[in-house]
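Structure first, commentary second.
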Amino acid sequence: MAKSASFSCSACGAVSSKWSGRCDACGEWNTIVEDTPLSAGPASKSLGAKRGTTLTLTDLSAEETPPPRTQSGITELDRVLGGGMVPASAILVGGDPGIGKSTLLLQAAARFAGAGLKTVYVSGEEASAQVRMRAQRLGLGDAPVKLAAATSLRDILTTLEAEKPDLVVIDSIQTVWADNVDSAPGSVSQVRAAAHELTSFAKRKGASVILVGHVTKEGQIAGPRVVEHMVDTVLYFEGERGHQFRILRSVKNRFGPADEIGVFEMTGGGLAEVANPSELFLSGRGDPAPGSVVFAGIEGTRPVLVEMQALVAPTPHSQPRRAVVGWDGARLAMILAVLEARCGIPFAGLDVYLNVAGGIKISEPAADLAVAAALLSAREDSSLPAETVVFGEISLSGALRPVGQTENRLKEAQKLGFTSAIVPAGGKPGGKSGLTLTQLGDLTAFVGDIFGA
Ligand code: TYD
Ligand code: MG
């Protein structure tokens, strides 16, 4: 039987029937590679069909309900996992090379082992001696974690069958190769096959498996998105290389809330938990300056205060620049358009730079008003009243819309010594926040009230 070729994108895993230079699904260039099929399965006559069993939800007796979660004691990690490690679960931890994934997982492995889980750390990138050296440097030299240096899937599974661990860390999935898959290690088919075998091992044996995945730019090496759909939980470890802050964010979690974050600081002795991220993100802030506005945001279940910084300057170019770090470029264009169309404040001929301080990425629409405030403050060269936080969504009409969790945002601001807040009218501040609230109905009122323009 003639077999038609199939191609897939090594960045997002999208499958197509023909090769192209650019992936239609995610827009990345040079990421489409030909799939090599898994080697032929068993001949049809040897397919032993076994009748499965079904049960109703109420059939699950107490002994069949899974054992409870295990906490590592690293609060920031346990919260992102949804309250601890669930047995028989598969977790993907993605992130740029060098961001600190191995460090985080070695620390987590040591803590989980200390909490009673039989833990195996399989490294395909470093020799066991190197992993041990790192562990010693992190002060975890005597943690009861078993180390293995292996890249062959067959060897890894054999080791795991023998060890019967409760928790396995595979660092990284791109180094694991299956000898029955006829393509290079790191390719889409290899990564898929390895992830599939390891997640089935997790389900079959009741072990938790953590797969590390490097975010890659090269087309020949598959990225972590290729296995996102196979695992229960997807976490990304992010941060700016130059900053010491690292954020562990859950983008998918079958056992807990998505979009939860854990904040860490990279220190000489490994990753340290940051219990109060707002304090850290605002730590570099001096006196109120034009273009600087504090946004009271919510990340996951937690309020986080961050500083939005804007710079607006006449452009020497025919096409003014719009550069954004930590926020969405399209959303910035929208705010600029609303300011121009609804409030008559043009940004043509001006370069606009927006930066979220501290290296955190903000995706909430609630940041709209803080961004608009930072842009206006930079443009007018006048700073907002001191100790003020700002939040609210801006609609295309220029109206300000209330956002969720107003009370939590205000409480966090008060805790950090802020005295006033600029918020959309109609929100439910609920209770007494102790802050002086300026409630505004639309952006024009904001421009008039705050900047007297
Ligand atoms: P690593 O965990 O190896 O990253 P990944 O596995 O994501 O590729 O961490 C790499 C960086 O972290 C490296 O540049 C050095 C830094 N680092 C520290 O600053 N302190 C430490 O204690 C450790 C172990 C690493
Ligand atoms: Mg590593």
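The values are calculated or read from the model by the stated rules, or taken from the named source; none is laboratory data. Note that this is a predicted model, so its numbers are computed, not measured. Note: ideal-geometry Cβ built from the backbone for every residue, glycine included; neighbour counts use all protein chains shown.
Selection of segment 132-155 for residues being of a type in the set (D, E, K, R) and either part of a helix (DSSP H, G or I) or within 16 Å of ligand 1 (Cβ to nearest atom) (or both) yields ARG132, ARG134, ARG137, ARG154, ASP155.
Here segment 142-172 is the region considered, the condition is being touching a residue at least 60 places away in the same chain (Cβ under 8 Å) and within 16 Å of ligand 2 (Cβ to nearest atom), and the residue that is farthest from VAL226 (Cα to Cα) is VAL169.
Residues that are among the hydroxyl-bearing types (Ser, Thr, Tyr) and either touching a helix residue (DSSP H, G or I) at 6+ places or on another chain (Cβ under 9 Å) or within 16 Å of ligand 2 (Cβ to nearest atom) (or both) do occur in segment 67-85. There is at least one residue in segment 360-370 that is surrounded by fewer than 16 Cβ atoms within 10 Å (Cβ to Cβ), free of Cβ contacts under 8 Å to residues at least 40 places away in the same chain and assigned to a loop (DSSP other than H, G, I, E, B). One residue stands out in segment 116-131 among those that are under 16 Å from SER102 (Cβ atoms) and part of a loop (DSSP other than H, G, I, E, B): the one that is farthest from ligand 2 (Cβ to nearest atom), namely ALA127. If you go through segment 76-116 and keep only what is β-branched (Val, Ile, Thr), closer than 23 Å to GLU197 by Cβ and within 16 Å of ligand 1 (Cβ to nearest atom), you end up with ILE91, VAL93.
Annotation: ASP381 fulfils all but one of (1) among the acidic types (Asp, Glu); (2) surrounded by fewer than 24 Cβ atoms within 10 Å (Cβ to Cβ); (3) within 16 Å of MET308 (Cβ to Cβ); the unmet one is (3). Exactly one residue out of GLU307, GLU240 is more than 16 Å from ligand 2 (Cβ to nearest atom) and either modelled with pLDDT under 90 or part of a loop (DSSP other than H, G, I, E, B) (or both): that is GLU240.
Applying a threshold of 6 Å to beta carbon distances and a minimum spacing of six or more residues, or different chains, the list of pairs starting in segment 103-122 at a residue that is in the same structural domain as LEU147 (by TED's automatic domain parsing) and ending at one that is within 16 Å of ligand 1 (Cβ to nearest atom) and part of a loop (DSSP other than H, G, I, E, B) reads ALA110/LEU140; ALA110/ALA143; ARG111/ILE74; ALA113/ALA143. Across segment 177-212, the qualifying residues are those that are within 16 Å of ligand 1 (Cβ to nearest atom) and either part of a helix (DSSP H, G or I) or at pLDDT 95 or above (or both), and the one among them that is farthest from GLU126 (Cα to Cα) is ILE210. Entry remark, segment 156-176: residues being away from ligand 1 (no atom under 16 Å from the Cβ) and within 25 Å of PRO97 (Cα to Cα) number 3 in total.
The sole residue among GLU260, GLU279 that is more than 16 Å from ligand 1 (Cβ to nearest atom), surrounded by 21 or more Cβ atoms within 10 Å (Cβ to Cβ) and of a type outside the set (A, V, I, L, M, F, W, C) is GLU260.
May I ask you to list the residues in segment 282-302 that are small (Gly, Ala, Ser) and buried (at least 18 other Cβ atoms within 10 Å of the Cβ)?
Within segment 282-302, GLY291, SER292, ALA296, GLY297 meet the criteria.
Please verify whether segment 132-139 includes one or more residues that are away from ligand 2 (no atom under 16 Å from the Cβ), of a type in the set (D, E, K, R), over 25 Å from the mean Cα position of the chain (by Cα) and surrounded by 15 or more Cβ atoms within 10 Å (Cβ to Cβ). Scanning segment 132-139 turns up no residue that is away from ligand 2 (no atom under 16 Å from the Cβ), of a type in the set (D, E, K, R), over 25 Å from the mean Cα position of the chain (by Cα) and surrounded by 15 or more Cβ atoms within 10 Å (Cβ to Cβ). In the set (1) under 29 Å from GLY326 (Cβ atoms); (2) in contact with a helix residue (DSSP H, G or I) (Cβ under 8 Å, 6 or more places away or on another chain); (3) at pLDDT below 95; (4) within 16 Å of ligand 2 (Cβ to nearest atom), VAL227 fails one condition alone, (4). With respect to the conditions (1) out of contact with any Lys or Arg (no Cβ under 6 Å at 6 or more places or on another chain); (2) free of Cβ contacts under 8 Å to residues at least 40 places away in the same chain, SER383 lacks only one, and its number is (2). Within segment 80-96, restricting attention to residues that are surrounded by fewer than 21 Cβ atoms within 10 Å (Cβ to Cβ) and in contact with a Ser or Thr (Cβ under 8 Å, 6 or more places away or on another chain), the residue that is farthest from ILE156 (Cα to Cα) is GLY82.
Test ILE221 against the criterion of being in a loop (DSSP other than H, G, I, E, B) and within 16 Å of ligand 2 (Cβ to nearest atom), and give yes or no.
Working: in a loop (DSSP other than H, G, I, E, B): yes; within 16 Å of ligand 2 (Cβ to nearest atom): yes.
So ILE221 fits the description; yes.
Each residue in segment 331-351 was checked for being of a type in the set (Asp, Glu) and part of a helix (DSSP H, G or I), and 1 pass.
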